[in-house]
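Notes to accompany the following structure.
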Amino acid sequence: MTTRITASAALSRRHMMLGLGALAAGGLAGVPALAQGSAPSDAAQKIADHFSSVKTMMGEFAQFGPRGEQTGGKFFIERPGKLRFNFEDPSPIRVIADGNNVVVGNLKLKTWDLYPLSKTPLSLLLADRIDLSNQMVRNVKEESDLTTIVLGNKTVFGDSTITMMFDPKTYDLRQWTITDLQNKDTSVMIYNVQNGVRFDDKVFTIPYNEVHKL
């Protein structure tokens, strides 16, 4: 059974889903645009290629919303296109992407709201390969202790961007931030990460019979 959702609940869940694509306090502030005609370095592309080569990963996350709210839980990713976020109690929220769609579920209200994966910022995070030469790249900033890559595309939420921060030595993803059309950030920090994990197909199964289409 699907329960009708209020506007405030829909907005809250939208930010839940948007956040499952980043952390960088301050969003795009301080990340300079590439000079016209320039290109990211080979080192930056190697980092992007390394991240793309990690086909499965799981771990824990801490999410920080645009109003300072904080939640956490466990995440599971299988490239390309699959993701699951289980928020810890007392939050009833689940976010699942199966390669085609993303749903934001509320287990307490028994609601599942559906979005095409290609129309969300998560499609950038879950792509099979991140190519820094294409038009989705908005900014790249390389520092001795951090490499920041900003990608953007038109989504169901407007022109959204995702800022990903990597360790330039280990190439590991540290955090990511989603910035929406209102310039509000939802950030995710990941830790206790394991790569190369095998998942049961049920982990990324969407309960389509319970979905509320938006």
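Per the conditions (1) buried (at least 20 other Cβ atoms within 10 Å of the Cβ); (2) touching an Asp or Glu at 6+ places or on another chain (Cβ under 9 Å); (3) modelled with pLDDT under 85, the sole criterion not satisfied by Gly81 is (3).
When residues in segment 139-159 are screened for being farther than 20 Å from Lys82 by Cβ, buried (at least 18 other Cβ atoms within 10 Å of the Cβ) and modelled with pLDDT under 80, 2 of them pass. When segment 94-123 is filtered for residues that are surrounded by fewer than 21 Cβ atoms within 10 Å (Cβ to Cβ), of a type in the set (A, V, I, L, M, F, W, C) and in contact (Cβ under 8 Å) with a residue 40 or more places away in the chain, the ones remaining, listed by number, are Leu109, Leu114.
Every residue, every condition in (1) crowded, with 17+ Cβ neighbours inside 10 Å; (2) of a type in the set (Ser, Thr, Tyr); (3) at pLDDT 90 or above, yes or no:
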residue	(1), (2), (3)
Leu28	yes, no, no
Asp42	no, no, no
Gly59	no, no, yes
Ala62	no, no, yes
Phe76	yes, no, yes
Asp89	no, no, no
Leu125	yes, no, no
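Looking across segment 99-123, the residues that are assigned to a loop (DSSP other than H, G, I, E, B), in contact with an Asp or Glu (Cβ under 9 Å, 6 or more places away or on another chain) and at pLDDT 85 or above come down to Gly99, Lys110.
Yes or no: segment 132-139 includes at least one residue that is of a type outside the set (S, T, N, Q) and under 14 Å from the mean Cα position of the chain (by Cα). So far as segment 132-139 goes, no, none of its residues is of a type outside the set (S, T, N, Q) and under 14 Å from the mean Cα position of the chain (by Cα). Here segment 185-214 is the region considered, the condition is being of a type in the set (S, T, N, Q) and either modelled with pLDDT of 95 or more or over 20 Å from Gln175 (Cα atoms) (or both), and the residue that is surrounded by the fewest Cβ atoms within 10 Å (Cβ to Cβ) is Asn209.
The values are calculated or read from the model by the stated rules, or taken from the named source; none is laboratory data. Note that this is a predicted model, so its numbers are computed, not measured. Please note: Cβ atoms are built from the backbone with ideal geometry, for glycine as well, and neighbour counts cover all protein chains shown.
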